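Undergrad: Take a look at this one; I'll ask things after.
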Amino acid sequence: MLLKKDLLAIVLAGASLFAATTTTSTRISIAYIPRSTGNPYYDGVIDGFRHGCAVLGCDFTTIGPATSDATSQIPFVAAQTQRGVNVIAITPNSPDALNPMFDRARRRGTHVFSINTDMPGNQSHREAAILPVDFTKIGPSQIELMGSLIGYAGDIAILTTTTDAPDQNLWVEDMKRVLAGSPKYARMKLVTVAYGNDDPQKSTTETEALITNYPNLKGIIAPTAVGLAAAAQAVETAKKVKQIKVTGLGTPNQMRRFIQNGTVTAFQLWSPYNEGLLAAYFVVGLEKGTIKNVPGTTFDVPGVGKMTIGKDNVINTQSDLTVFNRSNIDQFHF
């Protein structure tokens, strides 16, 4: 069995095997590595990046692993470093597993940006983070939405992604803290946290186990697009829609049917498209020297608005989460 350090050594030694092309253009080149391929959430981020690069005249490519394991992105970071791209934008699967790769890329002149999630405690290994919203709002917002759906009483479960996902882990801990610390939620009980690994089949299997193992379950929070759709489908199939309320974070296109047929009453998210668009304008501005990567700096993104670089070089795409329900879901198409 290979240890993490052995895998790193192998990848570093053979990085050129992963390089498809060598960047020779004077245009700014950006490579985006999502957490995993096949997740419709990241399609929105990619579309925003592509539109931004079409307007700004930069080269954009995206490539990523099939699974969201902690080390699955290592060969892709190595390949893009070998290509010599100007920018690696990545949604990291781990807060620290990729640090040696990021450091190597930066030494070779490639700038590294975290997209959609940050690396808590490891921010020094990237230039900046472009996030959808202030992440401290997500856990409390999810608990409040679930509470409103179940009358603030009953057993609930969380279906998240992997054990290493830095963003979801933060949100889950915030959910636990809010549940334990507020009298408003005293009658709500978190019975377990399940991990679907951002895989549709595993997320479905985990939801089925929740339904079986917790007969008094009143709600499932899935703060991940793959998990939310899988949980909704599993609850619908089990004919438990009236008993179990499902909510979380997902895309309107993915969840539209479940909202329209009543399986899901409401869920939350933000605009992944705007996140990718913001990221494109920000990283190109830094590369061209028209934006300074300094907290307090402001800049405009057409179609998104005036952005401000915050503490630890974090930029939030929007101020609050958007709640999607039957009254507004047809206004959104992503």
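Undergrad: In this structure, does Gly52 turn out to be in contact with an Asp or Glu (Cβ under 8 Å, 6 or more places away or on another chain), at pLDDT 95 or above and either assigned by TED's automatic domain parsing to the domain that holds Glu287 or among the aromatic types (Phe, Trp, Tyr) (or both)?
TA: Spelling it out, it is not the case that Gly52 is in contact with an Asp or Glu (Cβ under 8 Å, 6 or more places away or on another chain), at pLDDT 95 or above and either assigned by TED's automatic domain parsing to the domain that holds Glu287 or among the aromatic types (Phe, Trp, Tyr) (or both).
Undergrad: Then there is this: Provide a single number: the residues in segment 56-90 that are farther than 16 Å from Asn116 by Cα, polar (S, T, N, Q), in contact with a helix residue (DSSP H, G or I) (Cβ under 9 Å, 6 or more places away or on another chain) and part of a loop (DSSP other than H, G, I, E, B).
TA: 2
Undergrad: Another question about this same structure. Listed residues Arg177, Arg126, Arg187; which is basic (Lys, Arg) and either more than 19 Å from Gly219 (Cβ to Cβ) or crowded, with 19+ Cβ neighbours inside 10 Å (or both)?
TA: Matching residue, one of Arg177, Arg126, Arg187: Arg126.
Undergrad: Of the residues Gly181, Gly154, Gly196, only one is in contact with a Lys or Arg (Cβ under 6 Å, 6 or more places away or on another chain) and either among the aromatic types (Phe, Trp, Tyr) or free of Cβ contacts under 8 Å to residues at least 40 places away in the same chain (or both); which?
TA: From the options Gly181, Gly154, Gly196, the qualifying one is Gly196.
Undergrad: So for segment 225-240 (the condition being surrounded by fewer than 17 Cβ atoms within 10 Å (Cβ to Cβ), β-branched (Val, Ile, Thr) and over 20 Å from Phe135 (Cα atoms)), does at least one residue qualify?
TA: Yes - at least one qualifying residue is present in segment 225-240.
Undergrad: State yes or no: is Lys189 within 23 Å of Pro92 (Cβ to Cβ) and of a type in the set (Lys, Arg)?
TA: no
Undergrad: Right, something else. Take Phe113 and decide whether it is assigned to a strand (DSSP E or B), modelled with pLDDT of 95 or more and in the same structural domain as Ile30 (by TED's automatic domain parsing).
TA: So Phe113 fits the description; yes.
Undergrad: Right, here's the next one. Answer yes or no as to whether Asp174 is part of a helix (DSSP H, G or I) and at pLDDT below 95.
TA: Spelling it out, it is not the case that Asp174 is part of a helix (DSSP H, G or I) and at pLDDT below 95.
Undergrad: Also, quick follow-up: Which of the residues that make up segment 118-151 are outside any helix (DSSP H, G or I), free of Cβ contacts under 8 Å to residues at least 60 places away in the same chain and in the same structural domain as Gly310 (by TED's automatic domain parsing)?
TA: Met119, Pro120, Gly121, Asn122, Arg126
Undergrad: Next question. List pairs: first residue in segment 274-291 and closer than 16 Å to Asn313 by Cβ and touching a residue at least 12 places away in the same chain (Cβ under 8 Å), second residue polar (S, T, N, Q) and surrounded by fewer than 24 Cβ atoms within 10 Å (Cβ to Cβ) anywhere in the structure, Cβ distance under 7 angstrom, at least six positions apart or on different chains.
TA: Within 7 Å, the pairs are Leu286/Asn293; Glu287/Asn86.
The values are calculated or read from the model by the stated rules, or taken from the named source; none is laboratory data. A quick note: this is a predicted structure, and the numbers were derived from the prediction, not measured. Here Cβ is always computed from backbone atoms with ideal geometry, including for glycine, and neighbour counts include all displayed protein chains.
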